[in-house]
């Protein structure tokens, strides 16, 4: 018996073959094999893919640090869902110029990213993360609901798959907002403070940049998503007996490649391994 057989149970291994050398992970992506994206469609896919990628990176930092074990699992699963959305969108964006989702995730510099500033806000304490997640997942639910009707079949397929997962993400965040607002004086104080902190960054999600006009019915018009977003937020705040923050909108410009200082640190952590060992594979 060879050393390989000795380690893996030989020819009579009751577990059978578990080799994954032939598995093509790209086949798991929504829209694989679709027509290549145009320059404008690729840019739009970067908007959405970068949002999902950066939010996933943020949530992944909570694994083993959440306030309870169940939240380690929940936040980790949400992060993995978002990473799947990012892979599909970045894969599609890369069909424009031949770059892979790894190229786009690990080998772009800060000004080349198109993520909204809300996704880039620091984790802070648990309430800060929940406040950010509440606004982000409520927006994403409305976005993917609308994008299912996109005239671009690849974007429509990605939206259809992503919506089912984002529905859970939104429910998870809503339940935590209610739980923190209705808990102790300290938990209520923290969720109010957290919502005040992240609220100014919501406005950027609903700005109709020139790209949207060029895309027409390919994209979901951001401003059209705002009424339904506000209705959900108002309902949750009413149940939690919270006031909508009266704080002016930020001048955030993530869609145009302008980012705040902490974003550079986030990218450095996310990209360091790939850049230190370019071309390496598992």
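Structure values in brief
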{"read-out": "Nearest 10 degrees, 0 to 90: helix 69-94 Cα axis against the chain principal axis", "value": "80 degrees"}
{"read-out": "Acute angle (nearest 10 degrees) that the helix 261-276 long axis makes with the longest principal axis of the chain, alpha-carbon atoms", "value": "0 degrees"}
{"read-out": "Descending semi-axes in whole angstrom, ellipsoid equivalent of the range 221-263, from the Cα gyration tensor", "value": "26, 15, 9"}
{"read-out": "The range 191-282 - Rg and Dmax from Cα coordinates, angstrom", "value": "18.1, 52"}
{"read-out": "Neighbour-count ranking [beta-carbon atoms within 10 angstrom, fewest first] of 106, 44", "value": "106, 44"}
{"read-out": "Histogram of C-alpha separations across the chain, 10 Å bin width, %", "value": "6, 27, 33, 20, 9, 4, 1, 0"}
{"read-out": "Average Cα contact separation per residue, the chain, under 8 Å, 6 or more apart, as relative contact order %", "value": "21 percent"}
{"read-out": "Sorted by Cβ density within 10 Å, fewest first, the residues 172, 85", "value": "172, 85"}
{"read-out": "Cα long-axis angle, helix 126-147 against the chain (0 to 90 degrees, to the nearest 10)", "value": "80 degrees"}
{"read-out": "Label-point gap, in nm, between residue 273 and residue 164 - each point 7 angstrom along Cα→Cβ", "value": "2.9 nm"}
{"read-out": "Efficiency of FRET from Cβ geometry, residue 281 and residue 232, R₀ 51 Å, rounded to 0.05", "value": "0.75"}
{"read-out": "Percentage, to the nearest whole number, of Cα pairs in the range 188-244 over 19 Å apart", "value": "42 percent"}
{"read-out": "Cβ-based exposure ranking for 73, 233, in which fewest neighbours within 10 Å come first", "value": "73, 233"}
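No lab work stands behind these numbers, since they all come straight from the coordinates. Treat the numbers as computed from the prediction; the structure is a model and nothing was measured. Note that we place each Cβ from the backbone using ideal geometry, even for glycine, and neighbour counts take in every protein chain shown.
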